[in-house]
Amino acid sequence: MEERWSTEHVLSLAPDQASQKAAGKLSAPAPWSGTGLGDGALWGECKGSGRTPYRACVDLTGPAYSCTCPSRKFPCKHALGLLLLWSGGAAIAGAGAQPDWVAEWLAKRQQSAEQQTARRQARLEAAKDDPAALRRAGQRAARVAGGARELRLRLADQVRRGLAEHASAAAGWEEVGARMVDAQAPGLAGRARALAHTPQDALLEEYALLHLLAGAYGRVDELPAPLAATVRTRVGFTTSTEEVLAGPTVRDRWYVLGSRDTVDDLTTRRIWLRGAKTGRTALLLSFGHAGSAPDLALPTGRVLEADLAFHPAARPLRAALGSARYGGPQPADGPPPGLTPAEALAGYGEAVADDPWTESWPSVLRDVVPVLGPDGWQLTDGTAALALRRGAVPEQALWRLAAASAGHPVTVFGECGHGGFVPVTAWAADGRPIGVGQ
């Protein structure tokens, strides 16, 4: 039988707080009938205002959702309420036959996945011999190269004038950013615009990194293939998921280290994984529009056996989750193995050596204690300490972390960088994962 998800994980699937509140009202057994669980699916019928109950079903391996209600939110309150009912420990029949409407929906999902794979392969094959696509790619490469040359000249000119004049020239970087957009180099545009808000003491470093990136693109064809892929990505070229999945994949038992959502125009969900056999770390990205949560959700602290395909890079991290999954997420035996603070810093240094523009690298720290000192919060193992990045997570989240530790060593996952360590997940003494800062 499927291991029940935590309430915290179920609520993270909601598209907004209103959906969380509405789902909470449906988390009791009273409105539900015909509930069942089996073969990676959860289903039930929820009594609504009409004569016919709404039929809700969740594919737990996705997750994916289906409901007969007219809601435009996804997942709807009925799917969330059903998940809350299950996660709360309600008795739900298992190992029984699926109703026809559940089996039909799951079969359609399988058929759709197979058709998408076939279409993806067909598009990739067609793109290889498309003269128009090759011509557009060449035109864009030329525009980006021109933008990179212009940016290098602008940076060199500003250094000759002196960094003391940066404040008066700050507004000009917005214009430079716009010119980089015109040159189809969004990565250069974002870094150029950020210069307008960079503190004076970090300015020379940012100038140097941006100059290095623009210069690297000028000779990208001479670079080793992995580094060239990193430079193109940093400049703003993207590799589609179709292209990534068409390449080699890595099958492993992937430990879900943690996840974090950031909300801007889109909701961006970042999920970090670590392979039990390969030891590789992976980052999955998923996006959601208003009224729709990101379509990928994996419960922290579980292990998922699946195929991943990594985006090309000098130090691959971002990955795409393949369609081949070998069962649903299973409970882990305990916290993942970790590093000392000194080893985590060394690992970040190795990442920077491969990719100079890396701001942080995911790391698991073992046997560390959160402490609050005169200079702020730190994680220490008694021999070395990592400062926590100020403002990265709310202060109350750090106090919750300290309470979970109670002065005893804990395992903490997060991102280690030159700005400090940003905690994402901590494991309490009982092995239970706790989200930090969500």
Cut-off under 17 Å on the C-alpha distance; same-chain residues fewer than 8 positions from residue 21 excluded. Which lysines are left, in chain and number order? 73, 77
Karplus 3J(HN,Hα) series, Hz, for region 19-29 with 6.51 cos²θ - 1.76 cosθ + 1.60 (x for Gly, Pro): 5, 4, 5, 5, 5, x, 6, 10, 8, 9, x
Cα Rg, Dmax, region 244-331, angstrom units: 12.9, 38
Quick check: the distance between the Cα centres of region 360-384 and region 235-291, to the nearest angstrom? 26 Å
Starting at the first residue of region 137-152, write each ³J(HN,Hα) from the Karplus equation 6.51 cos²θ - 1.76 cosθ + 1.60 with θ = phi - 60°, in whole Hz, x for Gly and Pro. 5, x, 5, 5, 4, 5, 5, 5, 4, x, x, 5, 5, 4, 5, 4
Pairs of Cα atoms under 8 Å, at least six residues apart: use those to get the relative contact order of region 341-435, whole percent. 29 percent
How far is helix 77-87 tilted off the main Cα axis of the chain, in degrees rounded to 10, range 0 to 90? 80 degrees
Taking a ≥ b ≥ c as the square roots of the eigenvalues of the Cα gyration tensor of region 7-106, is the shape rounded (a/c under 1.5), prolate (a/b larger than b/c) or oblate? rounded
Once amide hydrogens are built 1.01 Å from N within the peptide plane, the residues lying 5 or more places from residue 65 or on another chain with amide H under 5 Å from its amide H are 59
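Do you know the relative contact order of the chain, to the nearest whole percent, from alpha carbon pairs under 8 angstrom that are 6+ apart?
Numbers: 761 pairs, mean separation 48.1, N = 438.
So the answer I get is 11 percent.
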Derived scalar couplings ³J(HN,Hα) [region 233-250; Karplus, 6.51 cos²θ - 1.76 cosθ + 1.60; whole Hz; x for Gly, Pro]: 5, 5, 6, x, 6, 10, 10, 5, 4, 4, 5, 5, 5, 6, x, x, 10, 10
Per residue, the convex hull enclosing the Cα atoms of the chain spans a volume in Å³ of 174 Å³
With a cap of 13 neighbouring Cβ atoms within 10 Å, and only residues DSSP puts in a loop, list the trypsin sites (Lys or Arg not before Pro) found in region 1-103. 25, 51, 72
Once you put a point 7 Å from the Cα of residue 318 and another 7 Å from the Cα of residue 18, both along the Cβ direction, what distance in nm separates them? 3.2 nm
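Every read-out reported here was derived from the displayed coordinates using simple, explicitly stated rules and does not represent laboratory data. Just so it is clear, the structure is predicted and the values come from calculations on it, not from any experiment. Please note: Cβ atoms are built from the backbone with ideal geometry, for glycine as well, and neighbour counts cover all protein chains shown.
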